[in-house]
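Visitor: Mind having a look at this structure? Questions to follow.
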Amino acid sequence: GCTKGGMAGLLSLFVVATSAIKLSNKISHSLHNYENAELKTLPEFYHDTKSLMHEFEKLQEDCPHMRLRKLESSDGVTLPVVDFDKGGRNKLKALFYFGEHARELISAESGLNFAEHLCLKHSTSVAVEKLLQNVRVRMIPVVNPSGKHLVHEGDWCHRTNAHNIDLNRNWDAHWEHNTNEQTNSGSKPFSESETQLLREDALSYKPDLFLTIHSGTLGLFTPWAYSSLGFSQTNATSLVETHQRIHKLFKAREHEHPSTSTRMKEMLTLLKKIDPKYCNCEAGAAGEELPYLSYGTSLDYMFDTAKVDYSFAFEIYDGRSNGGFKYSIEVAVHTLTAHQHQSLSKIFSLERVFLG
């Protein structure tokens with residue numbers, strides 16, 4: 001598993017991933033034009049899957065530590081995979097998902113910008129190079145290409161895949177049958193080729209950290225999404241109360257993996273450090289912080305079944321706060337070793353995230 005220092009560095013990676021867009025003046029002006037107009041076409045700065053992957057291909061031309069490949073199913077579903085690895089052994093591994101829900105277009109765009117930084121295309125190159133000496137990054141830049149295609153064809157509110165199944169309710173993690181139009185969970189867990197491909201890839205890759213990036217609200221979330229009985233400490237008023245509450249909750253979950261309590265507490269500790277400065281939003285167990293429960297999510301599957309040490313979901317845009325994360329980011333990125341720490345400040349500035 002991850003050391004505490006390593007976990008801090010990996011956590012910083014997903015801060016980077018969700019903070020990796022700085023709008024140019026042209027895009028900012030274009031957005032202003034769209035804000036008070038009835039949308040007849042999507043803003044030109046959104047990429048469909050083909051044009052998005054073309055941008056990744058151009059990046060790869062002079063990014064030797066980047067590799068593109070595909071996951072392919074027998075029924076023709078293809079998911080792009082992008083790996084960033086400068087070689088070496090015993091590296092910590094991070095896995096990022098972008099665009100599980102088709103209409104959340106900003107997710108895939110943040111993945112592309114994150115890739116530019118990982119390819120040393122920005123002023124952060126020296127610090128990122130040090131980071132890549134200790135971590136391997138894998139991203140799935142478009143988890144739901146069939147649904148994304150429908151959005152770009154004009155069905156802008158389409159959330160599910162082309163079969164009208166919510167891929168983030170189709171994992172075998174506390175799955176429940178649901179036929180709601182927006183959150184249809186499928187006939188059974190892993191009924192969809194996309195989630196089958198992702199499952200096999202994740203179980204083979206064995207990441208130390210998992211992050212899925214969404215939009216629709218602002219929040220930094222840990223498991224569990226299916227239950228309001230979590231390890232969040234927000235209601236505790238003292239250290240004694242905190243320990244008593246966690247002990248009580250853990251006793252209620254004695255069937256869970258022995259490391260569950262430790263991993264959960266470490267994740268919450270880190271979220272509470274970054275939340276006031278970078279988000280000032282809901283931070284904690286998804287099932288406690290959100291006004292609804294979600295069954296069959298990738299977040300819970302990675303934590304409970306794949307035994308990923310640290311599993312997170314970030315929601316990066318809510319439509320109400322003049323964009324998404326509106327703070328200038330100064331992130332301390334710790335090197336991913338047990339004994340040494342170095343910092344990376346001013347890694348990215350996010351002025352505005354828009355149109356989830």
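The values are calculated or read from the model by the stated rules, or taken from the named source; none is laboratory data. From a predicted model like this one, the values you see are computed outputs, not experimental measurements. Please note: Cβ atoms are built from the backbone with ideal geometry, for glycine as well, and neighbour counts cover all protein chains shown. For accessibility, only protein heavy atoms count, side chains too; no ligands or nucleic acids. Shrake-Rupley method; radii C 1.70, N 1.55, O 1.52, S 1.80 Å.
Visitor: Among the residues of segment 66-83, write down those that are in contact with an Asp or Glu (Cβ under 6 Å, 6 or more places away or on another chain) and within 19 Å of LEU120 (Cα to Cα).
Guide: Once the filter is applied, which keeps residues that are in contact with an Asp or Glu (Cβ under 6 Å, 6 or more places away or on another chain) and within 19 Å of LEU120 (Cα to Cα), segment 66-83 yields only ARG67.
Visitor: Would you check if SER238 is farther than 24 Å from GLU315 by Cα, of a type outside the set (Phe, Trp, Tyr), out of contact with any Leu (no Cβ under 7 Å at 6 or more places or on another chain) and modelled with pLDDT of 55 or more?
Guide: So SER238 fails the test.
Visitor: So which of GLU153, GLU116, GLU181 is under 29 Å from GLU44 (Cα atoms), over 16 Å from the mean Cα position of the chain (by Cα) and touching a residue at least 24 places away in the same chain (Cβ under 8 Å)?
Guide: Within the list GLU153, GLU116, GLU181, the selection yields GLU116.
Visitor: Which ones in segment 119-134 are touching a residue at least 60 places away in the same chain (Cβ under 8 Å) and under 14 Å from MET66 (Cβ atoms)?
Guide: Listed by number, the residues that qualify are CYS119, LYS121, VAL128, LEU132.
Visitor: Now for a different question. Among the residues of segment 335-356, are any modelled with pLDDT of 75 or more and either open to solvent by 10 Å² or more (accessible area, probe 1.4 Å) or within 22 Å of TRP171 (Cβ to Cβ) (or both)?
Guide: Scanning segment 335-356, I find no residue that is modelled with pLDDT of 75 or more and either open to solvent by 10 Å² or more (accessible area, probe 1.4 Å) or within 22 Å of TRP171 (Cβ to Cβ) (or both), so the answer is no.
Visitor: Could you give me the residue pairs with C-beta distances under 7 Å whose first residue belongs to segment 201-226 and is of a type in the set (Ser, Thr, Tyr) and surrounded by 24 or more Cβ atoms within 10 Å (Cβ to Cβ), whose second residue is assigned to a loop (DSSP other than H, G, I, E, B) and modelled with pLDDT of 90 or more wherever it lies, and which are 6+ apart or on separate chains?
Guide: THR212/GLU100; SER215/GLU104
Visitor: If you don't mind, another one. In this structure, does SER146 turn out to be out of contact with any Gly (no Cβ under 8 Å at 6 or more places or on another chain) and free of Cβ contacts under 8 Å to residues at least 12 places away in the same chain?
Guide: no
Visitor: Which residue, of THR179, THR183, is surrounded by 15 or more Cβ atoms within 10 Å (Cβ to Cβ), on the phi < 0 side of the Ramachandran plot, at pLDDT 85 or above and not in a helix (DSSP H, G or I)?
Guide: From the options THR179, THR183, the qualifying one is THR183.
Visitor: Regarding segment 186-196, can at least one residue be identified that is on the phi > 0 side of the Ramachandran plot and surrounded by fewer than 20 Cβ atoms within 10 Å (Cβ to Cβ)?
Guide: Within segment 186-196 (the criterion being on the phi > 0 side of the Ramachandran plot and surrounded by fewer than 20 Cβ atoms within 10 Å (Cβ to Cβ)), the answer is yes, since at least one residue qualifies.
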